[in-house]
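Report on the structure given below.
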Amino acid sequence: MIKTFSLTDVGMKRKINQDYVFTSEEAVGNLPNLFVVADGMGGHNAGDFASRFATDTVVNEISASMEKNPIKLIRHAYEAANEGIIEEAKKRSDRVGMGTTLVVASVIDDYLYVANVGDSRLYVIDEDICQITRDHSLVEEMVRAGEIDRNEARVHPLKNKITRAVGGATEVKVDFFDMKLKEGDIILMCTDGLTNMVEDEEIKMVVKSSGDVASIAENLIAKANKNGGIDNIGVVVIEPFSK
């Protein structure tokens with residue numbers, strides 16, 4: 001039996017919460033479950049609108065689709081969300097340039113299927129912590145090119161500059177990942193409001209010491225806020241093989 005808990009928090013510095021999450025342990029269309037994390041960007045309330053709009057579009061598209069291949073199904077949902085945000089941005093000047101990160105996941109039997117655009121993340125945590133998604137950010141490109149290391153990346157002034165977003169271009173390029181899960185795995189989906197404040201090893205320690213999925217989510221957000229809470233924080237915690 002799958003168990004989940006999701007939470008967002010405005011953080012310590014922001015007035016508007018632009019993070020948005022969705023979880024369903026029950027079937028959504030042809031997917032047996034569905035989990036979404038989005039971190040919007042844009043002035044005024046545009047980022048808030050973009051993250052909610054993209055998430056709602058993905059859920060609605062998957063609900064209505066007859067497609068059974070999970071990758072095709074999720075890809076079509078991303079494309080609809082991307083097109084929708086671009087169209088919405090044309091309607092109001094204060095929404096021009098808005099966009100959102102988007103991580104979508106589903107557990108099918110003992111396999112995890114993940115899609116990602118932006119720098120929100122999905123981890124699988126057991127005795128180690130493994131980042132499954134790859135950040136679409138300028139700093140991540142610099143790390144891959146060997147120009148800076150991981151420690152420098154954490155404090156780099158351009159660390160929040162993303163290179164891909166839903167709504168950022170007429171065509172959205174989505175990364176897909178899949179992996180076999182095992183007993184004891186915990187899945188964590190989160191926005192950069194967590195990962196910019198809490199290092200991976202600290203995240204693993206909180207996950208391993210917190211007990212149930214609700215405590216994990218609450219303790220991660222508390223840790224991010226204790227460390228400064230400079231951004232909104234969104235987390236989804238999934239225990240795929242709960243007893």
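The values are calculated or read from the model by the stated rules, or taken from the named source; none is laboratory data. Everything numeric in this text was worked out from a predicted model, so none of it was measured. Glycine also receives a Cβ, built like all others from the backbone with ideal geometry; neighbour counts cover every protein chain displayed.
Can you tell me which of 12, 66 is under 28 Å from residue 219 (Cα atoms) and either surrounded by fewer than 19 Cβ atoms within 10 Å (Cβ to Cβ) or modelled with pLDDT of 95 or more (or both)? Answer to the check: 12. Criterion first (among the aliphatic types (A, V, I, L, M), closer than 25 Å to residue 4 by Cα, out of contact with any Leu (no Cβ under 7 Å at 6 or more places or on another chain) and free of Cβ contacts under 8 Å to residues at least 40 places away in the same chain) does residue 222 satisfy it? Yes. Pull out all pairs, ordered by first then second residue, where Cβ-Cβ is under 8 Å, the residues are six or more apart or on different chains, the first lies in segment 109-136 and is within 20 Å of residue 79 (Cα to Cα), and the second is aliphatic (A, V, I, L, M) and modelled with pLDDT under 95. Once the first residue is within 20 Å of residue 79 (Cα to Cα) and sits in segment 109-136, its partners that are aliphatic (A, V, I, L, M) and modelled with pLDDT under 95 give 118/162; 119/162; 135/162; 136/162. For segment 90-117, residues that are crowded, with 20+ Cβ neighbours inside 10 Å and either modelled with pLDDT under 95 or not hydrophobic (A, V, I, L, M, F, W, C) (or both) total 6.
Among all positions in segment 85-93, there is no residue which is within 23 Å of residue 235 (Cα to Cα) and not hydrophobic (A, V, I, L, M, F, W, C). The set of residues in segment 121-169 that are within 22 Å of residue 47 (Cα to Cα) and at pLDDT below 85 comprises 157, 158, 159, 160.
Pairing each residue of segment 189-217 that is in contact (Cβ under 8 Å) with a residue 12 or more places away in the chain and within 19 Å of residue 21 (Cα to Cα) with any residue that is among the acidic types (Asp, Glu) and crowded, with 21+ Cβ neighbours inside 10 Å, provided the two are 6+ apart or on different chains, yields C-beta distances under 7 Å for 191/19; 191/39; 192/39; 192/119; 192/231; 193/19; 193/231; 196/231.
Residue by residue through segment 64-86, note down the ones that are more than 21 Å from residue 39 (Cβ to Cβ) and either more than 22 Å from the chain's Cα centre (by Cα) or in contact (Cβ under 8 Å) with a residue 60 or more places away in the chain (or both). 64, 65, 66, 67, 68, 71 - these are the residues of segment 64-86 that are more than 21 Å from residue 39 (Cβ to Cβ) and either more than 22 Å from the chain's Cα centre (by Cα) or in contact (Cβ under 8 Å) with a residue 60 or more places away in the chain (or both). For residue 184, the requirement of being out of contact with any Ser or Thr (no Cβ under 9 Å at 6 or more places or on another chain), in contact (Cβ under 8 Å) with a residue 40 or more places away in the chain and part of a loop (DSSP other than H, G, I, E, B) is met. Yes or no: segment 170-181 includes at least one residue that is crowded, with 18+ Cβ neighbours inside 10 Å and either closer than 24 Å to residue 40 by Cβ or among the polar types (S, T, N, Q) (or both). Yes.
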